[in-house]
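Q: Before we start, here is the structure in question, set down as structure tokens.
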Amino acid sequence: MFEGIAPGSRLRREDATVPSTAPKSKVIDRPYVPLQKRPLPAGRPRKWYISHNRRLKAMRLTIALLDSGIYLPSQASNERIRRTAELIDIRPPSDTTCRLVRTLMRYSR
């Protein structure tokens, strides 16, 4: 089977020819362009659309907070979340959305 290797002997690292599974780095040669928005599916209850849009807004705010160096939910007060929303041109979030932002920060670990 393996010529030149005694049965039961161990292979050294340089003898093994296993391809690497590490992700290859990609060169980004264009600026970031967000995906084109698609219309939401029709026929769902209004409550679904409200919660869906709230989750999207909370995710955008969570990403912005994490990018600005705020990693703990205790650091993200309602005022700080609303200031961040103003910085990234999003309408001020409700108390429920602020609570969802803190929840996302808590479970992103």
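Q: Please find, within the stretch 59-79, the residue that is least open to solvent (accessible area, probe 1.4 Å) out of those that are part of a loop (DSSP other than H, G, I, E, B) and out of contact with any Lys or Arg (no Cβ under 6 Å at 6 or more places or on another chain). Walk me through it before giving the result.
A: Going through the stretch 59-79, the residues part of a loop (DSSP other than H, G, I, E, B) turn out to be 68-72, 76-77.
So of that shortlist, the ones also out of contact with any Lys or Arg (no Cβ under 6 Å at 6 or more places or on another chain) come out as 68-72, 77.
Details: SER68: 78, GLY69: 35, ILE70: 19, TYR71: 124, LEU72: 73, SER77: 45 Å².
Checking each candidate, the answer is ILE70.
Q: Still on this structure: Restricting the search to the stretch 31-67, which residues are touching a helix residue (DSSP H, G or I) at 6+ places or on another chain (Cβ under 7 Å) and of a type in the set (Ser, Thr, Tyr)?
A: Correct list: THR62 only.
Q: Now for a different question. Taking the stretch 87-109 on its own, how many of its residues are open to solvent by 80 Å² or more (accessible area, probe 1.4 Å), at pLDDT 95 or above and part of a helix (DSSP H, G or I)?
A: Number of matching residues: 2.
The values are calculated or read from the model by the stated rules, or taken from the named source; none is laboratory data. Just so it is clear, the structure is predicted and the values come from calculations on it, not from any experiment. Cβ atoms come from the backbone with ideal geometry, glycine included; neighbour counts cover every protein chain shown. Protein only, heavy atoms only, side chains kept; ligands, DNA and RNA dropped before computing areas. Shrake-Rupley method; radii C 1.70, N 1.55, O 1.52, S 1.80 Å.
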